[in-house]
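The structure under discussion appears below in the form of structure tokens.
Readers should treat all values here as calculations from the given coordinates under stated rules, not as data from a laboratory. None of these values were measured; they are calculated from a predicted model. Using ideal geometry, Cβ is built from the backbone for each residue, glycine included, and neighbour counts are taken over all protein chains shown.
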Amino acid sequence: MSGKALFAIAIVSAALAACADETRISAIGEKSREEIVAFFTNNEFGRRPKEAERPTLLRFERTVADRLMPGGAAVRREARVVYGGPYGTNSFPVVAYIPAAAKGPVPAFLLICNRKVGTGYDPENGAKNEFFPVDEIVRRGFAAVSFTTWDVAPDYNTGNTKGVFEAFEKPGPYRNPKLWGTISAWAWGASRTLDWLETLPEIDAAKVAVVGHSRGGKTALWAAVTDKRFACACVNGSGCAGAKLNHLELPKSEHIAQIVRTFQYWFCLDYTFWVNREREMPFDQHELLSCVAPRLLAVGSGSEDYWAGPEGERKATELARAAWEDKSRVSYHVHPGKHNLGLYDWNEYLSLAERHWKSGPIAGDRTGCAQVAEGRKQPVPQPSPCDIKLPALSFDAEASDEFDGEALDLSKWDDWVESFQGRSKGFLFSRDNVDVAQGELRLKARLLRGDEKTLDNRARGFDTYATAIVKAKRKTFYGYYECRAKAMKAAVCNAFWLYDPLSGEPKKKYRPGDFSDEIDIFEVFGKEGSKKSDCHRTCYNTVHRLGTPYLEGRVFGSVEKLEKKSGRSKVDFDFADGYHTYGFLWTEKELKWFADGKETFSRPNDQFHRPMHVTFDCEIMYDWVGEPDKADLPQTYSVDYFRHWKAEGATP
Ligand code: GTR
């Protein structure tokens, strides 16, 4: 690095140190990898349709015979990756230059090429190209592999409808704001290229580095995060939405508002939610970098690449390093000069790989790969809620809440419900137990304090526990409901539900002959109960119809018998061990429940045709699972967000 560059960086670092202290940059280790990947999937790069994760058609066709390159150092192999999904088939070309003199399988560098072919990246052109220095890569004993981003999905705004999108998505007026953007599509292209490399005996597919610059750098990072088979990520000049921290104020560098103005299609639509809210983001890009651990990570900046924000890239790498036991597996460098990927950077990347790969195993992770016919391996599919066939929906910002404020938004929610103050025997809903902090709604369960054991409460049977309830002020109707939540680690019911069509008409409540509706989107427990040992691994989805007179928690009306009333699905995680996404689709014809994108229960909609209040609460279920262990309390049920999409044209 030049003295000038070092000096510039030192000044900027000093100026920013104070800024950084004021921000809420979380330390590595506070969140699990799973949480981090989920955040970036849902808020930045978007979710891929399940079919794209494991295309039904995936084939590699040789297009021309291998050719020896001028000088004789490399063999050029070309192929097409042919793929197909539910809506069509397509293909894109890939190329590998393999060291001709290699005695066995060689490691490889895979460049996500976002520059036009024909600028000399093919050594046959005779022009040396620093962006993809094939001669140098091959000379040092690696295969040089590439595909061009445009061939996978075009780099202009098609509304994410061209290239790979065409095969896996049905075009229509509504596109789920969580669906994948073009960066995710290109990262998918990198994974399919790796699928191809796995079929080549000349390549050591456990030692493949994915490299990219700028938009390609963002893509290389996302590819390495989403596909653990990549043994190394080289993230060059990636800036905003790549390696650059969002929480730092870097006046000359690109912010989310600027990137989405021109390149919204690179991301899921929900990324726009964070425009001008960088400081409020509960996650930042260093956490994304940390997801490459324990594999190799190399981040590169340009000393004068102010738009990408070298200081933000450096700081993020420095913070991310905490995730690695062996710190030598992470490298950061600054090349002198502007926004580019050149020999200076390639030397850093090749050297990192040489240091580690020459001396032993590096291992991309093959555990996520299933061996299939013809010796080809494929990543295990990652289901996501975009499998849901959605009717025409529109996002209901009025009802939805990210819980990002300082306190519960009392224009949307009640934190206390007059007609449902607790339940006999044993628990009282207390306002003290409702909080919004660090981007989530928190509902606490604890033992009742002495001053709360009033005569009145004891007379009503609310004498042991204090829990919490939050109920939407406004009723909502047909549509799609989703929350991301983590249950408390206790045998307490954590619930997300819809109920009470009668709240606006109290007279009906007491009049025999009417009924009250209830749909439990989920009731889950964070720990086994004294009466039910498996409740922390069972997702309960239930509907009720309660005859009047009906007063919640005090006098239950008759509970009507219904067909297919309840779904109990076993899950392979503990509800209290991490955040999970729960969805519910409510249409005129059907009701469907989802956990982490997998359908858990469905039934025809034979009776729920009146709007209801969304409710989050926690309750002690004495008769159902038993009383919690008192020593487990206090505990908190956390809800990261609640989102609602209205079914268009639905009127009660
Ligand atoms: C810029 C964009 C950057 C960067 C760059 C590139 O215009 O704002 O985020 O990715 O393009 O890819 O060259």
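Overview of results
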{"item": "Dipole magnitude of the stretch 27-151, debye to nearest 20 (Cβ charges: Lys/Arg +1, Asp/Glu -1, about Cα centre)", "result": "260 debye"}
{"item": "Binned Cα-Cα distances of the stretch 394-497, short to long, each 10 Å bin given as a whole percent", "result": "14, 42, 32, 11, 1"}
{"item": "Filtered trypsin sites (Lys or Arg not before Pro), the stretch 591-652: DSSP coil and at most 12 other beta carbons within 10 Å", "result": "none"}
{"item": "Global geometry of the chain, whether rounded, prolate or oblate, following the gyration tensor of its Cα atoms and the 1.5 cut on a/c", "result": "prolate"}
{"item": "Estimated vicinal HN-Hα couplings, Hz - the stretch 305-318 in sequence order (Karplus 6.51, -1.76, 1.60; Gly, Pro = x)", "result": "8, 5, 4, 6, x, x, 5, x, 6, 5, 4, 4, 5, 4"}
{"item": "For the chain, share of DSSP beta bridges that run antiparallel, in % to the nearest 5", "result": "75 percent"}
{"item": "Dipole magnitude of the stretch 169-226 about its Cα centre (Cβ charges: Lys, Arg +1; Asp, Glu -1), debye to nearest 20", "result": "440 debye"}
{"item": "Dipole magnitude of the chain, debye to nearest 20 (Cβ charges: Lys/Arg +1, Asp/Glu -1, about Cα centre)", "result": "1020 debye"}
{"item": "Exposure proxy ranking, count of Cβ atoms within 10 Å, fewest first, for 430, 419, 301", "result": "419, 430, 301"}
{"item": "Under the Karplus curve 6.51 cos²θ - 1.76 cosθ + 1.60, θ = phi - 60°, whole-Hz ³J(HN,Hα) for the stretch 472-478, x wherever Gly or Pro sits", "result": "5, 5, 8, 7, 10, 10, 3"}
{"item": "Burial ranking of peptide ranges 93-102, 575-584 (average Cβ count within 10 Å, highest at the top)", "result": "575-584, 93-102"}
{"item": "5 angstrom amide H check on residue 591, placed H, neighbours 5+ away", "result": "603, 605"}
{"item": "Prolate/oblate/rounded label for the stretch 170-244 (Cα gyration tensor, a/c 1.5)", "result": "oblate"}
{"item": "Sorted by Cβ density within 10 Å, fewest first, the residues 410, 591", "result": "410, 591"}
{"item": "Amide H partners (placed H, <5 Å) of residue 547, local residues excluded", "result": "516, 558, 559, 560"}
{"item": "Residue exposure sequence - 344, 540 - by fewest surrounding Cβ within 10 Å", "result": "344, 540"}
{"item": "Rounded if a/c under 1.5, otherwise prolate or oblate - the stretch 481-549, Cα gyration tensor axes", "result": "prolate"}
{"item": "Net length gained if the chain between residue 327 and residue 249 were fully extended (0.36 nm per residue, minus Cα distance)", "result": "25.4 nm"}
{"item": "Hz values of 3J(HN,Hα) by residue in the stretch 247-253 - Karplus curve (6.51, -1.76, 1.60), Gly and Pro given as x", "result": "6, 7, 8, 10, x, 8, 9"}
{"item": "Over the chain: helical MRE at 222 nm, DSSP H runs n ≥ 4 each giving -39500 (n - 2.57), nearest 500", "result": "-5500 deg cm²/dmol"}
{"item": "Amide H partners (placed H, <5 Å) of residue 299, local residues excluded", "result": "235, 331, 332, 333"}
{"item": "Given charges at Cβ of Lys, Arg, Asp, Glu: the chain dipole, positive-most of 234, 222, 109", "result": "109"}
